[in-house]
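Some notes on the structure that comes next.
The values are calculated or read from the model by the stated rules, or taken from the named source; none is laboratory data. Because the structure is predicted, anything quoted here is derived from the model rather than measured. Neighbour counts run over all protein chains shown; Cβ positions are idealised from the backbone, glycine included. Surface accessibility is based on the protein's heavy atoms, side chains included, excluding ligands, DNA and RNA. Shrake-Rupley method; radii C 1.70, N 1.55, O 1.52, S 1.80 Å.
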Amino acid sequence: MKKYKLAFSIIGSISPRMAAKTFLHFFSKPPKRSFRQHHLTLRESAKETDTPLTAYAFSKQQIKVKTYTWGEGEKKVLLLHGWGGSALDFSHLIQTLVEHNFQVISFDQPAHGFTGGKNSNLIQWMHVITAFLDTNKDLYAIIGHSFGGLAATLTLAREQVRIPKLIIMASSISAPAIFDDAYDQLGLNNKVRDVIPGIVQDTLKDDMMSLDMHKQFKSVKVDHMLFIYDENDEIISPKRSEDFLQQHPEVEAFKIRGEGHYRIIRDPQVLARILAFLATP
């Protein structure tokens with residue numbers, strides 16, 4: 001990390017805009033990952049398709065999003081993975097939902113899992129979610145983990161779609177807060193930080209400072225919402241989760257003392273709570 005801080009310090013002192021563009025390039029590149037046999041077995045059990053979409057709402061570039069369906073239940077649930085994740089990470093949850101007569105739909109976001117690409121971002125994720133909402137108007141619930149929870153909530157704030165249930169697990173709360181954490185980690189100076197929102201606006205046609213659940217929450221169109229978090233989360237500060245819940249008491253909360261950010265999606269307590277929440281009228 002020291003060498004990256006030094007590099008950004010040097011570039012930032014010469015050209016803040018160049019440093020900002022370099023930061024955005026690396027910040028939008030998900031980590032490489034491999035898949036184990038249980039991921040591949042889950043993939044084989046799915047009905048798999050390639051969903052053709054535009055890369056962004058403002059773009060004509062075509063992409064294909066790897067899409068999966070499990071089960072044939074009457075009620076449809078859309079699962080949304082987090083940054084660096086895949087639909088195939090939800091094996092325990094998928095099995096649980098299918099066993100309880102839900103149909104599960106999920107997909108790998110651009111540059112994730114088995115969907116092609118090298119870079120992606122929250123604005124693109126929201127665009128993809130919107131496309132799936134348009135083609136699945138009878139969704140009963142959305143379940144999002146981490147970055148997927150933030151993307152789901154913000155999309156439901158912007159789009160004219162209402163769903164009965166929204167569950168977010170170990171969710172990010174705010175894109176600006178994510179950026180601030182990265183700025184601090186890399187030691188970006190204020191001149192570099194100040195030009196980044198303008199570059200995002202120019203290239204992605206969106207205001208990154210508005211991508212915050214606190215700012216958008218009143219516009220979220222769901223009947224019931226459940227926020228699940230782990231007090232041992234090493235990625236998302238439990239305090240940020242608690243601050244959000246304190247400001248929005250209408251959101252149902254479920255806190256566990258588990259094994260952290262990634263294992264929350266397979267925790268038995270969490271699976272049981274999700275089933276109970278989905279079963280409640």
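Points to keep in mind about this one:
- Convex hull volume of the range 81-221 per residue (C-alpha atoms, cubic angstrom): 121
- Prolate/oblate/rounded call for the range 228-281, Cα gyration tensor, a/c under 1.5 rounded: oblate
- Helix-only arithmetic for the chain: the sum of -39500 (n - 2.57) across DSSP H runs with n ≥ 4, divided by the residue total, places the mean residue ellipticity at 222 nm at -13000 deg cm²/dmol.
- Accessible area of the chain belonging to carbon and sulfur atoms, whole % at 1.4 Å probe: 52
- Between the C-alpha center of the range 109-181 and that of the range 250-281 there is a gap of 19 Å.
- The relative contact order of the range 195-281, computed from alpha carbon pairs under 8 Å that lie at least 6 residues apart in sequence, is 25 percent.
- Divided by 2.2 N^0.38 Å, where N counts the residues, the Cα radius of gyration of the chain comes to 1.00.
- Normalised Debye scattering of the range 59-159 at q = 0.15, 0.21 Å⁻¹ gives log10 I(q)/I(0) of -0.56, -1.10, counting only Cα atoms as equal scatterers and leaving out solvent.
- For the range 131-250, share of DSSP beta bridges that run antiparallel, in % to the nearest 5: 10
- Helix 175-186 axis versus longest C-alpha principal axis of the chain: approximately 50°, rounded to the nearest ten.
- Solvent exposure of the range 134-281 as accessible area per residue, Å², 1.4 Å probe: 46
- For the range 76-185, the dipole from Cβ point charges (+1 on Lys and Arg, -1 on Asp and Glu) about the Cα centre works out to 320 debye, to the nearest 20.
- Positive-end ranking of SER15, LEU166, THR115 along the dipole of the chain, with charges on Cβ about the Cα centre, is headed by SER15.
- Size descriptors for the range 1-103, from the alpha-carbon set: Rg then Dmax equal 19.7, 59 Å.
- Local electrostatic count at SER9 - Lys and Arg +1, Asp and Glu -1, tallied over other residues with Cβ under 11 Å: +3
- Between the beta carbons of GLU234 and LEU40, assuming R0 = 25 Å, the FRET efficiency works out to 0.35 to the nearest 0.05.
- Mean separation of Cα contacts under 8 Å (6+ apart) over length of the chain, as relative contact order %: 18
- Tail beyond 13 Å, pair distance distribution of the range 30-70 (Cα, percent): 66
- For the peptides 21-27, 223-229, residues were scored by their other Cβ atoms within 10 Å and the scores averaged per peptide; the highest-first order is 223-229, 21-27.
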